[in-house]
Amino acid sequence: MEIVTVVKANGGCEADRRRLRRLRCSVKDYDWGKIGSDSLVYRVYAANSDDQIDPTRPYAELWMGTHESGPSYLEDADGSNGVTLRSWIAENPKSLGNRVLEKWGCDLPFLFKVLSVARALSIQAHPDKKLAKKMHKAHPNLYKDDNHKPEMALAYTQFEALCGFIPLQELKSVIRAIPEIEELVGSEEANQVFCISEHDEEKLKSVVRTIFTLLMSADPDTTKKIVFKLKRRLHMESQERQLTDKERLVLKLEKQYPNDIGVISAFFFNYVKLNPGEALYLGANEPHAYLFGECIEVMATSDNVVRAGLTSKPLDIQSLCSMLSYKLGYPEILKGSRIRPYITRYLPPFEEFEVDLCDLPSGASTVFPSVPGPSLLLVLQGEGRMSTEASADGISVGDVLFVPADTEIHLRSSSDLKLYRAGVNSRFLYSL
């Protein structure tokens, strides 16, 4: 559906610059994605695209933004794909706003996604800017760009993930309870955790780095033997006691990725369960693996991933083990802050992005105030009407729109409407 443009006689060019732009987006069929209509990504992509869609394939990620690995296209008047959003921004740089243009050049600094996760993604981390430049230069076929990739996942359904290293006291309990870890890394190294204090931060990081690197570097034959031994022990013990959540997860991961070192390494990470509307964020060099569920994800514009387990993709275990921060502790869970009626904001500590969630009951209205930076809007539920100074149109599930800087948006719902806005972090936009 084409957006109706409203052009005022004394400001036609400026009004046209602020017109909302409908986008056609790219989809990824990674094998961990949910199949066909079970996938939120499938349902959104089917509404967003005119492509023939195979309902038997996995639909893992919908990409919204300018990254060349999954570009978005402006929708032409006839509904077909036009130029890429990146090309359009290059021709219309003022749409980014001055501060964004000065900081990041003629491109969106964030990438917006929908994820539908049926089984675990790889144990992975994303490099900081310095390491990203080095890795991209050395292996451009594996590391597609030279940017860092902080990210935030906002749960749409209940969403499960492994995220960051567990606290020291929990790690000590794991070493005592899981003898297979000591078998892999050696008793002398494993027992170092009992000789350190959480106040000695550098020593703690060094010990965890040593143990984790030894674990992840185990040879395949030894790994296969130890994973089998672990699985057999847990199955036997389940006849006499209730397994912990983490132990049940490990058995589930072993079914998904037999003989994978990631099965045992899961004991080292926090097992996070997000309720819908909760979010977690991840900085550079933090280990994580998404496990199950559907989420909205936003990140710096990058596709750099260093993997070390739970995947059939190429591994770079030594790079991952050397780059991690080895900070211990449970991650911060964001529940968002109400900034206006019906709008909740999720504000991570990264300059590139933030997310607003708009839950608008049928017949209600609200306003997204103008901000001095660009935004992307995604409709995941319901129908309504959206208007700006320059345009007005109906919106429904699957609509994705680019919003230029300094554009105020008025929304009215005709049924319960759920809409997400990704934009540049407000703390950056309004900092002195």
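Most fluctuating residue of Ala279, Ala90, Ala161 in a GNM of the chain with Cα springs under 10 Å: which is it?
Fluctuation is largest for Ala90.
Leaving out ligands and nucleic acids, and using a 1.4 Å probe, what accessible area per residue does the range 16-128 come to in Å²?
40 Å²
Quick one: length gained pulling Ile35 to Asn191 fully straight, 0.36 nm per residue minus the C-alpha distance?
Values: separation 156, 0.36 × 156 = 56.16 nm, distance 4.42 nm.
The Ile35-Asn191 span can extend by a further 51.7 nm.
Run the simple label-point estimate for Leu251 and Glu201 please: 7 Å along Cα→C-beta, distance reported in nm.
Simple spin-label model gives 4.0 nm for this pair.
Using alpha-carbon pairs under 8 Å, 6+ residues apart, how would you state the relative contact order of the chain in percent?
23 percent
Please find the FRET efficiency linking Lys172 to Glu408, where r is the Cβ-Cβ separation and R0 is fixed at 51 Å, and quote it to the nearest 0.05. Don't skip to the end; give the middle numbers.
Numbers: r = 54 Å, r/R0 = 1.06.
Rounded to the nearest 0.05, the efficiency is 0.40.
Restricting things to alpha carbons, find the Rg to Rh ratio for the range 173-234 using the Kirkwood radius for Rh.
On the Cα set of the range 173-234, Rg over Rh gives 1.01.
Charges only on Cβ, +1 for Lys and Arg, -1 for Asp and Glu: so what's the dipole of the range 141-193 about the Cα centre, in debye to the nearest 20?
Values: 4 positive and 10 negative charges, 41 e Å.
In total the dipole reaches around 200 debye.
Going by Cα centres, the range 292-310 and the range 154-184 are how many Å apart?
Comparing the Cα centres of the range 292-310 and the range 154-184, I get a distance of 19 Å.
Solvent-accessible area per residue for the range 239-315 at a 1.4 Å probe radius, Å²?
That works out to 34 Å² for each residue.
Students often get this wrong, so check it: of Lys134/Lys224; Lys144/Lys172; Lys133/Lys205; Lys229/Lys335; Lys28/Lys335, which have C-alpha atoms separated by over 31 Å?
Cα-Cα > 31 Å for Lys134/Lys224; Lys144/Lys172; Lys229/Lys335; rest within.
Sorting Tyr281, Tyr330 by accessible area (1.4 Å probe), largest first, what list results? Could you put the intermediate results ahead of the total?
Values: Tyr281 55, Tyr330 135 Å².
Sorted descending by solvent-accessible area, the residues read Tyr330, Tyr281.
Quote the charge dipole size of the chain about the Cα centre in Debye, to the nearest 20; the model charges only the Cβ of Lys and Arg (+1) and of Asp and Glu (-1). Please list the in-between numbers first.
Working: 53 positive and 59 negative charges, 74 e Å.
Roughly 360 debye, rounded to the nearest 20.
Run the quick spin-label model on Glu237 and Asp76: label points 7 Å from Cα toward the beta carbon, then report their separation in nm to one decimal.
6.2 nm
How many angstrom separate the Cα center of the range 215-265 from the Cα center of the range 320-341?
Distance between centres, Cα-based: 27 Å.
Pop out the carbon and sulfur fraction of the accessible area of the chain as a percent, whole number, probe 1.4 Å. Walk me through the numbers on the way to the answer.
Details: 8990 of 18470 Å².
Looking at the chain in its full context, I get 49 percent from C and S.
Return the Cα extents of the range 365-420 along principal axes one, two and three, sorted largest first, each rounded to a whole Å.
The principal-axis extents, from largest down, are 29, 17, 16 Å.
Got a sec? Which residues in the range 365-405 would a label at Asp51 touch, if it sits 7 Å along Cα→Cβ and we count backbone N under 16 Å?
The answer is 398-400.
Consider all pairwise Cα distances in the range 33-113 and report the whole-number % of them above 21 Å.
For the range 33-113, the share of Cα pairs beyond 21 Å comes to 40 percent.
Which of these, Ser375, Ser95, Ser319, has the largest mean-square fluctuation under a Gaussian network model of the chain (Cα springs below 10 Å)?
Ranking Ser375, Ser95, Ser319 by mean-square fluctuation puts Ser319 first.
Sorted by accessible area with a 1.4 angstrom probe, largest first, how do Phe228, Phe110 fall? Let's see the in-between values first.
Working: Phe228 110, Phe110 0 Å².
If we order Phe228, Phe110 from most to least accessible, we get Phe228, Phe110.
I'd like to check one number: the per residue accessible area of the range 328-419, probe 1.4 Å, reported in Å² as a whole number.
Details: 3370 Å² over 92 residues.
Roughly 37 Å² per residue, with all protein chains present.
For Rg and Dmax of the Cα atoms in Å, several values are listed as [x] 23.2, 79; [y] 21.0, 81; [z] 27.6, 86; flag the one computed from this structure.
[x]
The values are calculated or read from the model by the stated rules, or taken from the named source; none is laboratory data. Note that the structure is predicted; figures quoted are calculated from it, not measured. Note that each Cβ is placed from the backbone with ideal geometry, even for glycine, and that neighbours are counted across all protein chains shown. Heavy atoms of the whole protein, side chains included, go into the accessibility calculation; ligands, DNA and RNA do not. Shrake-Rupley method; radii C 1.70, N 1.55, O 1.52, S 1.80 Å.
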